[in-house]
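Reviewing the structure listed below.
The values are calculated or read from the model by the stated rules, or taken from the named source; none is laboratory data. A quick note: this is a predicted structure, and the numbers were derived from the prediction, not measured. Backbone-built Cβ (ideal geometry, glycine too); neighbour counts: all protein chains shown.
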Amino acid sequence: MKRLSVIVPCYNEEESIPFFYKAMEEIQDKIHYKFEYIFVNDGSSDATLKVMRELHAKDREKVRYLSFSRNFGKEAALYAGLKESTGELVTVMDVDLQDPPELLPDMIRGIIHEGYDCVGTRRADRKGEPVIRSLFAKMFYKLENKVSTTPMIDGARDYRLMSRQMVNAILEMAEYNRFSKGLFSWVGFQTKYISFDNVEREHGETSWNFFSLFKYSIEGIINFSDFPLKIATLFGMLSFVVSIILMLFFFFRTLLFGNPTSGWTSMTVIILFIGSIQLLALGVIGEYVGRIFLETKKRPIYIVKEKSE
Ligand code: UDP
Ligand code: MG
């Protein structure tokens with residue numbers, strides 16, 4: 001029987017793992033693939049690793065795990081899991097059951113019978129999410145799709161089923177600053193999307209707050225677009241034109257009406273304005289330089305402390 005690798009990043013998920021495993025095993029009977037679980041413990045501080053060890057002990061072939069030396073983030077955990085996977089098909093899933101396992105048979109059909117390379121999932125709505133968060137998420141997707149050539153779909157989750165070929169393509173992108181939604185899209189291949197109603201987390205807590213999501217979205221834009229760098233050029237050109245116009249205006253006004261000493265206020269405003277634009281542009285460049293800095297150090301994306309054999 002062919003294998004389907006299930007990659008599950010876990011950060012403080014001791015409560016969720018048993019429910020996830022049970023729900024998945026129910027699906028297992030309905031498909032013609034044998035699951036190969038790869039749980040990745042992303043430096044949890046609770047008993048997540050212990051739960052993984054126990055599952056592994058029950059079925060050594062089916063359940064494998066990796067445990068990081070600290071929290072490296074979900075992106076790193078996904079990469080580690082993809083690297084370990086051996087299945088012909090590979091899926092990445094959250095452990096909190098917000099990615100419904102029931103969709104798997106449909107997703108498999110999409111690849112096997114309809115010939116897609118990847119079947120992704122998207123939430124039909126953002127029910128149960130704070131209003132502000134939805135608003136910012138919408139803004140992010142609008143902006144990202146304007147400034148980047150890598151399209152990202154609003155509401156698309158990381159939950160997807162991929163062919164081995166596509167997984168190998170993703171593994172070739174061993175960059176340090178990882179933004180999976182972008183990477184999945186960047187590699188191309190034919191992707192079909194299945195919509196489903198938003199499911200709320202039942203056990204444990206989300207590890208994202210508004211601020212971390214905001215940072216994550218900046219990551220998404222900077223990693224897949226150089227448009228912010230061009231903003232400085234645009235502003236520069238604009239302010240050049242404005243300054244020429246102002247120069248002519250003040251020159252002729254002084255010639256015609258005299259009064260050379262007034263204008264302290266406008267001067268201050270102009271200096272502050274130009275100064276802040278310059279700082280902004282420097283900041284944007286800094287964001288890119290910082291990423292180059294991290295990228296050139298060539299540090300590993302994650303460090304494994306313990307692994308099932
Ligand atoms: N996760 C992880 N490392 C982290 C944060 C989260 O591996 O640093 C995992 C987490 O255990 C879960 C998935 O990523 O399986 C999604 O996390 P969460 O449910 O907190 O995110 P949300 O669904 O709220 O976006
Ligand atoms: Mg979740």
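Scanning region 76-114 for residues that are assigned to a loop (DSSP other than H, G, I, E, B) and either within 16 Å of ligand 1 (Cβ to nearest atom) or under 17 Å from Y37 (Cα atoms) (or both) turns up S85, T86, G87, E88, M93, D94, V95, D96, L97, Q98, D99, P100. If you go through region 86-103 and keep only what is out of contact with any strand residue (DSSP E or B) (no Cβ under 7 Å at 6 or more places or on another chain) and either over 27 Å from G204 (Cβ atoms) or more than 15 Å from ligand 2 (Cβ to nearest atom) (or both), you end up with just E102.
Filtered by the rule that a residue be surrounded by fewer than 17 Cβ atoms within 10 Å (Cβ to Cβ), within 12 Å of ligand 2 (Cβ to nearest atom) and not hydroxyl-bearing (S, T, Y), region 186-212 gives N198, V199, E200, R201, E202, H203, E205, W208.
Can you say whether S163 is small (G, A, S), surrounded by 15 or more Cβ atoms within 10 Å (Cβ to Cβ), modelled with pLDDT of 90 or more and touching a strand residue (DSSP E or B) at 6+ places or on another chain (Cβ under 8 Å), as far as the supplied structure shows? Yes, satisfied.
Q165 meets the conditions (1) touching a helix residue (DSSP H, G or I) at 6+ places or on another chain (Cβ under 8 Å); (2) closer than 19 Å to Y116 by Cα in every case but one. The failed one is (1).
For I17, are the conditions met, namely being surrounded by 15 or more Cβ atoms within 10 Å (Cβ to Cβ) and free of Cβ contacts under 8 Å to residues at least 24 places away in the same chain? For I17, the condition - surrounded by 15 or more Cβ atoms within 10 Å (Cβ to Cβ) and free of Cβ contacts under 8 Å to residues at least 24 places away in the same chain - is not met.
Examine region 1-24 for a residue that is more than 16 Å from ligand 1 (Cβ to nearest atom) and more than 24 Å from P105 (Cα to Cα), and state whether such a residue exists. No - not one qualifying residue is present in region 1-24.
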